[in-house]
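Just so you know, all these numbers are worked out from the coordinates, no wet-lab data involved. These numbers come from a predicted model, not from an experiment. Using ideal geometry, Cβ is built from the backbone for each residue, glycine included, and neighbour counts are taken over all protein chains shown.
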């Protein structure tokens, strides 16, 4: 690759496209605030209005004075910054396919997406206590494959009781949880194409009002073999996320005969509706799979 032929704008657009293809947790987030950020340390202020009081009207009597609406403000802080920096030796370039740089950029995008996904998965701690099922000290356990489906029903009840809209609900499960769902006819014979085909962004079907999404980045606590997985459920306004590729640069390292590329990715995520996030802490039932 000739440095003179490097076009930063083209590489930046390609990198963002790759990130979007590989995100799973980011795919369930609200990204409507994204266009307002420019770099690390930026803040997005998200305003919300309190509930309006409803009163009973009596004929020929005065109504109460106009109430002052309460407002709340949440801050989405762009406080995460990750970079990549790799080089391709001139000798390697001569011996390999000319598209090696494009492949390396795809690998960089995968790496950034994976780190971002893990960060969003770690936000399970923001759920309100009323929306928790199980805990590290007393995780939920499954004694039959049908327990996996039944527990999704319980997660749905948590959201119902919190007045969370039924539209656009999602739940992200680990691969073993999906395997248990596949052993349950209620999931397999759902009568929709989503039940039989793996959809984009990790979605594998519908169940109990949720879009079921599989990810290997589901957070867990505990040591290997005794993990307590944190299955998150919500809807499309539960978590807000914003990102920006700040810069992508090509350069020639001073002491090398090589082309190098470095890039900086900044992002932030916030659970803006903690009452709309339900979390299941569950142990993997190795005897059932």
Ascending count of other beta-carbon atoms within 10 Å, so fewest first, for 23, 265: 23, 265
Reciprocal of mean inverse Cα separation for the range 104-145 (Kirkwood radius, Å): 13.3
Efficiency of FRET from Cβ geometry, residue 262 and residue 167, R₀ 41 Å, rounded to 0.05: 0.45
Over the range 33-83, volume per residue of the alpha carbon convex hull, in Å³: 97
Cα→Cβ-extended label distance, 7 Å offset, between residue 138 and residue 73, nm: 4.1
Net length gained if the chain between residue 175 and residue 289 were fully extended (0.36 nm per residue, minus Cα distance): 40.0 nm
In range of the label at residue 114: residues from the range 227-248 whose backbone nitrogen is under 20 Å from the point 7 Å along Cα→Cβ: 230
Column: log10 I(q)/I(0), Debye, Cα scatterers of the range 193-282, q = 0.20 Å⁻¹: -1.09
FRET E, pair residue 157, residue 57, Förster distance 35 Å, beta-carbon r, rounded to 0.05: 0.50
Residues 129, 122 arranged by fewest to most Cβ contacts within 10 Å: 129, 122
Extension gain, residue 90 back to residue 130 (0.36 nm per residue minus Cα-Cα distance, nm): 8.5 nm
Order of 259, 114, 160, 184 under a 10 Å beta carbon neighbour criterion, fewest first: 160, 114, 184, 259
